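Visitor: Attaching a single structure in structure tokens format; questions to follow.
The values are calculated or read from the model by the stated rules, or taken from the named source; none is laboratory data. It should be emphasised that the depicted structure is a prediction, and the values quoted were computed from it without experimental measurement. Using ideal geometry, Cβ is built from the backbone for each residue, glycine included, and neighbour counts are taken over all protein chains shown.
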Amino acid sequence: MWFVSNLERLDTEMAALKVLSYEGWIDQAEWQVERESGTLRVKLDFRVGEKVYEAWLSYPHVFPWAPPQIVPRREGEIWSGHQWGVGGELCLQIRSDNWSPLYTGADMVRSARSLLLTECASDGKGYRRTAPSSHVLSEGQQMLWQFQRLVVMPAFLNKLMEQPAGCRCRLAISFSESAVIYTPATLMLADGTEWADPSVPAAFRGRAFTNGYALPLATDDANASLAKRPDKLTATELWSQFSVEPLTEDMVLFLARPEEVYCHYLDAKKDTVSKVGILKQEYAARLSPSNAVLASKRIGLIGAGSMGSKIAASIARAGARKFLVIDDDLMTDGNLVRHDLDWNSVGAHKAEAIKKRLELIAPGIDVQVLRMKLGGQTSRLCCTNQCLRPSGRMTA
């Protein structure tokens, strides 16, 4: 434990915090050792304006080679836009990537107060000021605490911007352990026709169970700022700014300008607005132009076992769009150690399960299936399906 082996540094830390307390905004600074982890921490109360923040100043075991952390003492509190999630530590001017052992915990406390002072001030328009950030976050980092997410394909965005007014849309929905993900699949156009996004696989569009409303906005639209920050509005109030119809059901509100896209989830029952994170996509940008030749070829797959399943998926990702899969075998739990399919397909014919998998890899994939054993005794009626025409010939 550093505070036992390095008493001189402990004295420095305690003295620095005591000097800081003379400025008059620290109400409590109680040093203690956390029993379970053996971590040295300070039970800290400090004031920003009229508000008192109850925090832990927690020192890591490797201190002074890593910075202390400042976190809310009460679970579930969000103090700042520069905070690592609900109840997480504050991201300060002094942090892991610029930390030096010359800094002290008192410097971290001063930095925390400076951040909160900046953000509690108004920007003149009724919104809290935003403290500048020196971080460049990856898209994955930005989405870490974004439970609701919207995947926006370029084709959908371009089609929406062509419309003279807002349109109803349907969104496919999928789930991960930490998020619910919406993908706009269809758009109801002004002439009453339904446009389906060709860049979203048809099999995935079949999951379009969520209602949405998509609206193109001009760059100078008066509602643009409202679309970006509807902080003070209820779901009903925000909806009324863009539609004359009453809000009678939950709705994903999608607002697009040429340079920016906004999305909010409107909960009709609770009358609340939730921000939805935006993930813009660039479809097929990673495929080499030389792979285009694969799209015109039909790939015959005789056997849909461990090797065949992996080959089929890889070729589909490389650009192939037409397949003929021949296999009469069933998927069992014993196949899972090598096969590309998973438990969702156990009990199904491998050929049909691979067809379903390939159709979710890319749009426009056409998979014909023969559930038959080549060289085996199989009735013509048993193997005849959608890939055989009435004449008995397979489609090209």
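Visitor: Return the residues of the stretch 137-179 that are among the acidic types (Asp, Glu) and either within 12 Å of VAL252 (Cβ to Cβ) or under 18 Å from the mean Cα position of the chain (by Cα) (or both); say none if nothing qualifies. It would help to see each step written out before you state the result.
Guide: From the stretch 137-179, those among the acidic types (Asp, Glu) are 139, 162, 177; that's our starting set.
Answer for the stretch 137-179, where residues must be among the acidic types (Asp, Glu) and either within 12 Å of VAL252 (Cβ to Cβ) or under 18 Å from the mean Cα position of the chain (by Cα) (or both): GLU139, GLU177.
Visitor: If ALA155 meets every condition in (1) surrounded by 15 or more Cβ atoms within 10 Å (Cβ to Cβ); (2) touching a strand residue (DSSP E or B) at 6+ places or on another chain (Cβ under 8 Å) apart from one, which number is that one?
Guide: So ALA155 meets the others, but not (2).
Visitor: Within the stretch 97-120, which residues are of a type outside the set (D, E, K, R) and either touching a residue at least 40 places away in the same chain (Cβ under 8 Å) or touching a helix residue (DSSP H, G or I) at 6+ places or on another chain (Cβ under 7 Å) (or both)?
Guide: Of all residues in the stretch 97-120, those of a type outside the set (D, E, K, R) come to 98-106, 108-109, 111-112, 114-118, 120.
Once the filter is applied, which keeps residues that are of a type outside the set (D, E, K, R) and either touching a residue at least 40 places away in the same chain (Cβ under 8 Å) or touching a helix residue (DSSP H, G or I) at 6+ places or on another chain (Cβ under 7 Å) (or both), the stretch 97-120 yields THR104, GLY105, ALA106, MET108, VAL109, ALA112, LEU116, LEU117, CYS120.
Visitor: For the stretch 17-27, which positions are surrounded by 13 or more Cβ atoms within 10 Å (Cβ to Cβ) and farther than 17 Å from THR104 by Cα?
Guide: Taking the stretch 17-27 first, the residues surrounded by 13 or more Cβ atoms within 10 Å (Cβ to Cβ) are 17, 20-21, 25-27.
Matches in the stretch 17-27: TRP25, ASP27.
Visitor: Moving to a separate point now. Scanning for something over 36 Å from the mean Cα position of the chain (by Cα) and buried (at least 17 other Cβ atoms within 10 Å of the Cβ), does the stretch 34-50 turn up at least one residue?
Guide: No: the stretch 34-50 contains no residue that is over 36 Å from the mean Cα position of the chain (by Cα) and buried (at least 17 other Cβ atoms within 10 Å of the Cβ).
Visitor: Which residue pairs have Cβ atoms closer than 6 Å, lie 6 or more positions apart in sequence or on different chains, and pair a first residue in the stretch 211-240 that is assigned by TED's automatic domain parsing to the domain that holds ALA155 with a second residue that is hydroxyl-bearing (Ser, Thr, Tyr)?
Guide: ALA227/TYR262; LYS228/TYR262; ALA235/THR272
Visitor: Can you pull out the residues in the stretch 261-312 that are under 26 Å from VAL180 (Cβ atoms) and in contact with a Lys or Arg (Cβ under 9 Å, 6 or more places away or on another chain)?
Guide: VAL261, TYR262, CYS263, HIS264, TYR265, VAL276, GLY277, ILE278, LEU279
Visitor: Further question: Would you check which residues across the stretch 81-94 are surrounded by fewer than 18 Cβ atoms within 10 Å (Cβ to Cβ) and either not aliphatic (A, V, I, L, M) or not in a loop (DSSP other than H, G, I, E, B) (or both) and list them?
Guide: Answer for the stretch 81-94, where residues must be surrounded by fewer than 18 Cβ atoms within 10 Å (Cβ to Cβ) and either not aliphatic (A, V, I, L, M) or not in a loop (DSSP other than H, G, I, E, B) (or both): GLY81, TRP84, GLY85, GLY87, GLY88, GLN93.
Visitor: While we're on this one: Any idea which of SER309, SER345, SER314 is modelled with pLDDT of 90 or more, under 22 Å from ALA202 (Cβ atoms) and exposed (fewer than 15 other Cβ atoms within 10 Å of the Cβ)? Explain how you work it out, then say what you get.
Guide: On the way: SER309 fails: exposed (fewer than 15 other Cβ atoms within 10 Å of the Cβ); SER345 fails: exposed (fewer than 15 other Cβ atoms within 10 Å of the Cβ).
One residue alone meets the criteria, SER314.
Visitor: On to the next question. Does ASP107 fit the bill of being at pLDDT below 95 and more than 30 Å from LEU233 (Cα to Cα)? Give the steps one after another, and end with the answer.
Guide: Working: at pLDDT below 95: no; more than 30 Å from LEU233 (Cα to Cα): yes.
For ASP107, the condition - at pLDDT below 95 and more than 30 Å from LEU233 (Cα to Cα) - is not met.
Visitor: Taking the stretch 208-238 as the region of interest, how many residues are part of a strand (DSSP E or B) and surrounded by fewer than 18 Cβ atoms within 10 Å (Cβ to Cβ)? It would help to see each step written out before you state the result.
Guide: Let us first name the residues in the stretch 208-238 that are part of a strand (DSSP E or B), namely 208-216.
If we keep only those that are surrounded by fewer than 18 Cβ atoms within 10 Å (Cβ to Cβ) too, we end up with 209, 211.
Selection size over the stretch 208-238: 2.
Visitor: Filtering the stretch 179-207 down to residues that are touching a Ser or Thr at 6+ places or on another chain (Cβ under 9 Å) and assigned to a loop (DSSP other than H, G, I, E, B), which residue is surrounded by the most Cβ atoms within 10 Å (Cβ to Cβ)?
Guide: Across the stretch 179-207, the extreme among qualifying residues is ASP197.
Visitor: Please work out if ARG257 is in contact (Cβ under 8 Å) with a residue 24 or more places away in the chain and surrounded by fewer than 13 Cβ atoms within 10 Å (Cβ to Cβ). Write out each step before concluding.
Guide: On the way: in contact (Cβ under 8 Å) with a residue 24 or more places away in the chain: yes; surrounded by fewer than 13 Cβ atoms within 10 Å (Cβ to Cβ): no.
Taking the combined requirement at face value, the residue does not satisfy it.
Visitor: Any residue in the stretch 35-45 that is in contact (Cβ under 8 Å) with a residue 24 or more places away in the chain, of a type outside the set (Phe, Trp, Tyr) and touching a His at 6+ places or on another chain (Cβ under 8 Å)? Don't jump to the end; show me each part of the working.
Guide: Quick first cut of the stretch 35-45, residues in contact (Cβ under 8 Å) with a residue 24 or more places away in the chain only: 38, 40, 42-44.
Next, from what is left, pick out any that are of a type outside the set (Phe, Trp, Tyr): 38, 40, 42-44.
Pick out the ones that are also touching a His at 6+ places or on another chain (Cβ under 8 Å) and you get 38.
Within the stretch 35-45, one or more residues are in contact (Cβ under 8 Å) with a residue 24 or more places away in the chain, of a type outside the set (Phe, Trp, Tyr) and touching a His at 6+ places or on another chain (Cβ under 8 Å).
Visitor: Which of the residues belonging to the stretch 95-122 are farther than 15 Å from GLU50 by Cα and in a loop (DSSP other than H, G, I, E, B)?
Guide: Correct list: ARG95, SER96, ASP97, ASN98, TRP99, SER100, PRO101, LEU102, TYR103, THR104.
Visitor: Let me ask something additional. So, in the stretch 257-306, exactly how many residues are of a type in the set (A, V, I, L, M) and not in a strand (DSSP E or B)?
Guide: The qualifying residues number 10.
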